[in-house]
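Enquirer: Questions regarding the structure given below will be posed in turn.
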Amino acid sequence: MTIQHTDEFFMAKALREAEKAAKIAEVPVGAVICKNGKVIARAHNLRETKQRPTAHAELLVIEKAARKLGAWRLEKTQLYVTLEPCLMCWGSVILARIPEVIFGAQDPKAGVCGSVLSLHEQKLFNHFPQVRSGVLEAQCSQALSDFFKSLRTEKRKKL
C-alpha cells in the first residue's frame with residue numbers, strides 16, 4: 001500500500017528546513033524536492049553562512065536532488081519552498097525541468113510567481129512548471145515575520 005502525502009505534509013518538511021535556517025541567523029526559507037511521494041533532497045538558506053548570494057534554499061536543494069538522481073533534469077519531481085521563488089531560483093527551476101513548484105508565502109519584494117512578476121504564466125520559455133501557492137501560508141509568513149522582528153529587536157538593543 002502506498003501512502004499519499006498532501007502538499008501540507010511536504011510543506012511542513014520545508015518549514016522544518018526554514019527553522020534550521022533561522023537557528024543559524026539565516027532568513028528562514030526552506031525547501032524540499034520530492035519524487036514518487038518521497039523527499040529526495042532538503043535545504044535551507046545559507047547565504048550568510050557561506051557568504052554566497054546564490055545560496056538560496058531552492059538552488060541548494062536543486063543541486064542536492066541532481067546529485068542524488070545523477071541527472072540535471074529533475075523531471076517528475078515537485079519543489080516545495082516556504083517562500084515564493086525569486087528570479088534566479090525560477091530560472092533554475094526552468095533549467096532543471098522541475099514540473100511542479102509549490103510555495104507557502106508570497107514575496108512582495110522579489111517573488112516572480114505572482115508578486116513582482118508572474119513568470120509562471122509566461123509561455124516564452126521551453127519549460128512551463130505548474131505553480132500552487134498559499135500552502136501553509138500563515139505558518140510560512142509567520143516564520144519570516146518572527147525572524148525579522150527578532151532582528152529588529154536585536155538591532156535596537158545594540159543602539
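The values are calculated or read from the model by the stated rules, or taken from the named source; none is laboratory data. Bear in mind the structure is a predicted one, so any value in this text is a computation, not a measurement. Reconstructed Cβ throughout: ideal geometry from the backbone, glycine too, with neighbour counts over all protein chains shown. Calculation scope for accessible area: heavy atoms of the full protein, side chains included, ligands and nucleic acids excluded. Shrake-Rupley method; radii C 1.70, N 1.55, O 1.52, S 1.80 Å.
Enquirer: Of everything in the range 68-98, what is part of a loop (DSSP other than H, G, I, E, B) and either surrounded by fewer than 16 Cβ atoms within 10 Å (Cβ to Cβ) or of a type in the set (D, E, K, R) (or both)? Give them in sequence order.
Expert: Start the filter on the range 68-98 by keeping residues that are part of a loop (DSSP other than H, G, I, E, B), which leaves 70-76, 84-86, 97-98.
Hits for the range 68-98 are Gly70, Ala71, Trp72, Arg73, Glu75, Lys76, Glu84, Arg97.
Enquirer: Give me a count of the residues in the range 109-128 that are over 14 Å from the mean Cα position of the chain (by Cα), surrounded by 10 or more Cβ atoms within 10 Å (Cβ to Cβ) and part of a loop (DSSP other than H, G, I, E, B).
Expert: So the count comes out to 8.
Enquirer: Checking the structure you have, find out if any residue of the range 133-155 is at pLDDT 95 or above, over 23 Å from Lys23 (Cβ atoms) and not in a loop (DSSP other than H, G, I, E, B).
Expert: no
Enquirer: Let me ask you something else. Of the conditions (1) modelled with pLDDT of 95 or more; (2) open to solvent by 30 Å² or more (accessible area, probe 1.4 Å); (3) out of contact with any strand residue (DSSP E or B) (no Cβ under 7 Å at 6 or more places or on another chain), Gln4 fails just one. Which one is it?
Expert: Among (1) modelled with pLDDT of 95 or more; (2) open to solvent by 30 Å² or more (accessible area, probe 1.4 Å); (3) out of contact with any strand residue (DSSP E or B) (no Cβ under 7 Å at 6 or more places or on another chain), Gln4 violates only (1).
Enquirer: Does the range 40-67 hold any residues that are surrounded by fewer than 16 Cβ atoms within 10 Å (Cβ to Cβ) and either over 26 Å from Val116 (Cα atoms) or among the β-branched types (Val, Ile, Thr) (or both), and which are they?
Expert: Matches in the range 40-67: Thr49, Lys50, Thr54, Arg67.
Let's see how each residue does on (1) among the small types (Gly, Ala, Ser); (2) in contact (Cβ under 8 Å) with a residue 24 or more places away in the chain; (3) closer than 19 Å to Leu74 by Cβ:
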position: Cys89; (1), (2), (3): no, yes, yes
position: Ala96; (1), (2), (3): yes, yes, yes
position: Ser115; (1), (2), (3): yes, yes, no
position: Ser118; (1), (2), (3): yes, no, no
position: Glu121; (1), (2), (3): no, no, no
position: Arg132; (1), (2), (3): no, yes, yes
position: Val135; (1), (2), (3): no, yes, no
position: Ser150; (1), (2), (3): yes, no, no
position: Leu159; (1), (2), (3): no, no, no
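Enquirer: Could you please give the count of residues in the range 47-62 that are over 18 Å from Asp107 (Cα atoms) and either of a type in the set (Phe, Trp, Tyr) or more than 9 Å from the chain's Cα centre (by Cα) (or both)?
Expert: Looking only at the range 47-62, we keep the residues that are over 18 Å from Asp107 (Cα atoms), and these are 48-52, 60-62.
From the residues that got through so far, the ones that are either of a type in the set (Phe, Trp, Tyr) or more than 9 Å from the chain's Cα centre (by Cα) (or both) too are 48-52, 60, 62.
Adding up the residues that qualify gives 7.
Enquirer: State all residues of the range 24-46 that are under 17 Å from the mean Cα position of the chain (by Cα) and not hydrophobic (A, V, I, L, M, F, W, C); if no residue qualifies, say none.
Expert: Hits for the range 24-46 are Glu26, Pro28, Gly30, Lys35, Lys38, Arg42, His44, Asn45.
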